[in-house]
Amino acid sequence: MSADRLCSASKEVKPESVSLCPLGAAAAPEQELLCIFGTGDFGRSLGQRLLQSGYRVVYGSRRPHSCGPLPQGAQVMSHTAAAAQSASLVFVCIHREHYDFLETLAPELKGKVLVDVSNNLKKNLYPEANAEYLQRLIPGAHVVKAFNTLSAWALQNGPSDASRQVYLCGNSAEAKEAVSEVATKLGLTVLDRGSLTAARELEDFPLQLFPEWRLPLRLAASLAAAFFFYLLIRDVVYAYAEEGKDISFRIMVSLANKVFPIVSLIMLALCYLPGVIAAFLQLYRGTKYKRFPDWLDRWMLCRKQLGLLALAFASLHVLYTLIIPIRYYVRFKIAESTISKIKENKTSVFDTTLAWRADSYYSMGILGYALYVLLGITSLPSVSNALSWREFSFIQSKLGYLTLFFCTLHTYLYGGSRFLSPSTYKWYTPPGYILSLVVPSVVLVLKLLIILPCVDRTLTRIRRGWERTDPEDDTKKSLLT
């Protein structure tokens with residue numbers, strides 16, 4: 001007996017019983033049809049993601065018979081035929097200079113939602129935003145600016161922390177809701193920026209060059225330049241002026257290898273200093289519900305960039321240190337010292353204390369750099385997404401402070417007894433490594449105060465919602481007394 005007969009028979013015999021019709025007998029709901037104008041890289045990638053998310057896709061192309069390979073399952077036809085389809089939402093994946101033909105399609109596009117994904121080559125290239133221009137060409141359509149901050153590569157590889165957000169703007173709330181539904185099904189996060197007048201701002205987003213890296217890069221460049229010239233005066237200029245020696249050749253390796261670890265250690269400390277400042281600010285205020293100052297907010301938001309730049313400087317320090325044995329100057333000094341001792345028939349006495357300090361110095365450096373690399377790896381979106389919040393916090397916070405401690409101790413061991421030697425202070429100026437210890441030492445001391453049981457207990461209560469001036473808490477205290 002066929003499925004249809006079995007279904008009808010079961011209904012005739014016992015209408016109140018559960019239907020015996022197989023699931024396949026019910027008509028499956030038809031998938032929603034979406035239209036894409038443009039068969040370039042972005043259009044093909046977007047169509048592939050839409051098909052994977054359960055949509056039907058039809059492409060509109062100037063050359064429907066020679067537009068190149070398209071995602072399997074998608075249709076392609078002329079712009080006019082595609083616009084006349086039942087798709088109520090159309091992605092306009094073409095450049096602004098090709099918008100003119102859309103004006104002839106105004107009757108077919110009337111009442112449809114047009115998603116403008118275009119960008120320009122530079123800011124202020126046109127007097128009005130592309131989306132506003134498109135709305136002026138087709139006044140009967142509902143234009144929404146969206147998806148322009150994503151790349152074809154991001155659509156092909158799936159959303160990640162760096163490309164998960166979709167900004168949109170438009171004058172129609174219903175049109176924006178339709179676009180938001182599509183973006184959500186693609187696994188993206190939607191941020192509504194208001195009316196279509198915000199389109200110019202959205203189109204400028206992709207033209208920004210490392211906006212979140214500007215402050216960290218400026219800080220790193222300033223620190224590197226300041227310490228470079230400071231050490232240049234202390235080492236090279238001092239040797240020439242006071243001792244008549246020309247050691248300018250040391251600028252390329254020796255001087256650089258002093259600047260890199262100094263900048264790295266200071267920037268690593270600057271990653272954790274705002275957190276310490278925020279903790280003491282909460283303790284002082286007795287609440288977590290007051291906003292931090294703007295400068296502290298901006299500082300905390302760029303900690304990741306500060307840490308990655310610090311890791312880059314530490315890596316340069318490691319590479320420069322590895323080439324020290326093969327430098328001509330080092331090989332010459334070793335050979336000269338060996339020949340001199342042979343001629344004088346002298347031998348060096350092994351210093352156990354110096355050996356301990358040297359080995360400890362290298363050991364702390366290796367451990368610190370290993371944890372440094374771990375911090376850098378876990379800050380990558382693909383790695384951090386695989387970690388729970390507790391795991392991520394443990395690595396970035398507890399192991400981060402341990403990294404700072406190892407690197408600071410590494411620098412202290414490098415100085416050793418030279419801290420108290422008058423010859424170290426050339427022209428009465430301290431060495432660069434002593435200056436580099438100021439910020440990390442302050443951070444570690446302040447962190448040590450925070451983890452004291454009495455302080456940590458109060459800070460934990462504040463971060464769990466307790467306030468020093470909480471009236472309910474005062475009432476409980478009065479009842480207990």
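The values are calculated or read from the model by the stated rules, or taken from the named source; none is laboratory data. Keep in mind that this is a model prediction, so the values were computed, not measured. Cβ placement follows ideal geometry from the backbone for every residue including glycine, while neighbour counts extend to all protein chains displayed.
Computed quantities for the displayed model
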quantity: Filtered residue count, segment 44-89, keeping only those that are loosely packed, with under 15 Cβ neighbours inside 10 Å, within 20 Å of Asp116 (Cα to Cα) and at pLDDT 90 or above; calculated: 0
quantity: Pair list, Cβ under 6 Å, 6 or more apart: segment 122-141 residue touching a residue at least 24 places away in the same chain (Cβ under 8 Å) and closer than 19 Å to Ala175 by Cβ, other residue among the charged types (D, E, K, R) and assigned to a loop (DSSP other than H, G, I, E, B); calculated: Gly140/Lys110; Ala141/Lys112
quantity: Options Arg214, Arg193; residue that is surrounded by 15 or more Cβ atoms within 10 Å (Cβ to Cβ) and under 27 Å from Leu125 (Cα atoms); calculated: Arg193
quantity: Test for Thr378: is it within 27 Å of Ile262 (Cβ to Cβ), surrounded by 14 or more Cβ atoms within 10 Å (Cβ to Cβ), of a type outside the set (A, V, I, L, M) and without any contact (Cβ under 8 Å) to a residue 24 or more places away in the chain; calculated: yes
quantity: Of residues in segment 347-364 being out of contact with any helix residue (DSSP H, G or I) (no Cβ under 8 Å at 6 or more places or on another chain) and outside any helix (DSSP H, G or I), the one surrounded by the most Cβ atoms within 10 Å (Cβ to Cβ); calculated: Asp351
quantity: Residue among Ala335, Ala314 that is touching a Pro at 6+ places or on another chain (Cβ under 9 Å) and part of a helix (DSSP H, G or I); calculated: Ala314
quantity: Residues within segment 274-311 that are under 22 Å from Pro211 (Cα atoms) and either outside any helix (DSSP H, G or I) or among the hydrophobic types (A, V, I, L, M, F, W, C) (or both), tallied; calculated: 13
quantity: Pro430, sole failed condition from (1) surrounded by 10 or more Cβ atoms within 10 Å (Cβ to Cβ); (2) in a helix (DSSP H, G or I); calculated: (2)
quantity: Test: residue in segment 407-421 that is at pLDDT 90 or above and within 28 Å of the chain's Cα centre (by Cα); calculated: yes
quantity: Every residue from segment 404-427 that is part of a helix (DSSP H, G or I), surrounded by fewer than 16 Cβ atoms within 10 Å (Cβ to Cβ) and among the small types (Gly, Ala, Ser); calculated: Gly416, Ser417, Ser423
quantity: Any hit, segment 323-333, residues being under 30 Å from Pro216 (Cα atoms), over 24 Å from the mean Cα position of the chain (by Cα) and surrounded by 10 or more Cβ atoms within 10 Å (Cβ to Cβ); calculated: yes
quantity: Residue list for segment 90-101, restricted to those being buried (at least 19 other Cβ atoms within 10 Å of the Cβ) and over 15 Å from Ser61 (Cα atoms); calculated: Arg96
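So that you can scan it fast, the table gives a plain yes or no per residue for (1) assigned to a helix (DSSP H, G or I); (2) under 30 Å from Ile262 (Cβ atoms):
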{"position": "Ala175", "(1), (2)": "yes, no"}
{"position": "Ala178", "(1), (2)": "yes, no"}
{"position": "Gly194", "(1), (2)": "no, no"}
{"position": "Arg200", "(1), (2)": "yes, no"}
{"position": "Glu203", "(1), (2)": "yes, no"}
{"position": "Arg218", "(1), (2)": "yes, yes"}
{"position": "Ala224", "(1), (2)": "yes, yes"}
